[in-house]
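No value in this document is a laboratory result; all are computed from the given coordinates. This one's a predicted model, so the numbers in the text were calculated from it and none came from an experiment. Every residue, glycine among them, receives a Cβ derived from its backbone with ideal geometry; neighbour counts consider all protein chains shown.
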Amino acid sequence: MRVFILCAGRTGSVSVIEACKHITNFTADHESLSKKTGDERFKYPDNHIEADNRLSWQLGHLNKYFGNNAFYVHLKRNPANVAESH
């Protein structure tokens, strides 16, 4: 099982991943494969939680690679606060 945290930038995804690192039966990381391309971009280990705002644009690929063996979390923040943070 993989967990993907889908979000816009500046929504607290780094903080969520830091909290997830305390989960003992999953690994957790933030944008760990963001510089990879092709198949390498989706080689997330099993039992892993990944936050990466770029994955919101890759839903078709996530479904292709993981199908029903993934869980998606949509992390949201007030749009005005996101804009101000940028």
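Side notes on the structure shown:
- Residue pairs whose Cβ atoms lie under 6 Å apart, sitting 6 or more positions apart in sequence or on different chains, and linking a residue in the range 59-84 that is surrounded by fewer than 13 Cβ atoms within 10 Å (Cβ to Cβ) to a partner that is β-branched (V, I, T) and assigned to a strand (DSSP E or B), are F71/V3.
- Scanning the range 40-57 for residues that are touching a helix residue (DSSP H, G or I) at 6+ places or on another chain (Cβ under 8 Å) and over 13 Å from V3 (Cβ atoms) yields R41, F42, N53.
- Residue in the range 50-71 that is at positive phi and of a type outside the set (S, T, N, Q) present: yes
- Any strands (runs of 3 or more DSSP E) falling wholly within the chain and containing at least 2 residues that are not hydrophobic (A, V, I, L, M, F, W, C): 27-30, 48-51, 70-75
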